[in-house]
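Reading through the structure tokens given below for one structure.
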Amino acid sequence: MCDCTADDDLRWLQATRVVAGGLDADEAARVREWLSSTPEGAAILADAAYAWSAANGLGAMGPVEWN
């Protein structure tokens, strides 16, 4: 897991845009390269990808039945 600070806000924003598919292919490649250029950026990208994949199935759960 990333030991991130408030200075990493821009990297988190860009990492989430990459993993969510919010960038075109060329821009996503540039952002991935930028993030991967430092251990901290690579950790942020990995954490964002993990969080995206973990949350991806939540929408398929359907309604919850309450007693």
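Close Cβ contacts (under 9 Å, 6 or more residues apart or on different chains) running from residues in region 51-67 that are closer than 26 Å to Thr16 by Cα and open to solvent by 80 Å² or more (accessible area, probe 1.4 Å) to residues that are small (Gly, Ala, Ser) and at pLDDT 70 or above comprise Trp52/Ala20.
If we scan region 5-16, do we find a residue that is part of a loop (DSSP other than H, G, I, E, B), loosely packed, with under 13 Cβ neighbours inside 10 Å and either at pLDDT 95 or above or at negative phi (or both)? Yes, region 5-16 has at least one match. State yes or no: is Leu23 surrounded by 12 or more Cβ atoms within 10 Å (Cβ to Cβ), modelled with pLDDT of 90 or more and in a loop (DSSP other than H, G, I, E, B)? Spelling it out, Leu23 is indeed surrounded by 12 or more Cβ atoms within 10 Å (Cβ to Cβ), modelled with pLDDT of 90 or more and in a loop (DSSP other than H, G, I, E, B).
The values are calculated or read from the model by the stated rules, or taken from the named source; none is laboratory data. For clarity, every value in this text was computed on a predicted model and none was experimentally measured. All Cβ positions, even for glycine, are placed from backbone atoms using ideal geometry, and neighbour counts span all protein chains on display. All accessible areas refer to the heavy atoms of the entire protein, side chains included, with ligands and DNA or RNA removed. Shrake-Rupley method; radii C 1.70, N 1.55, O 1.52, S 1.80 Å.
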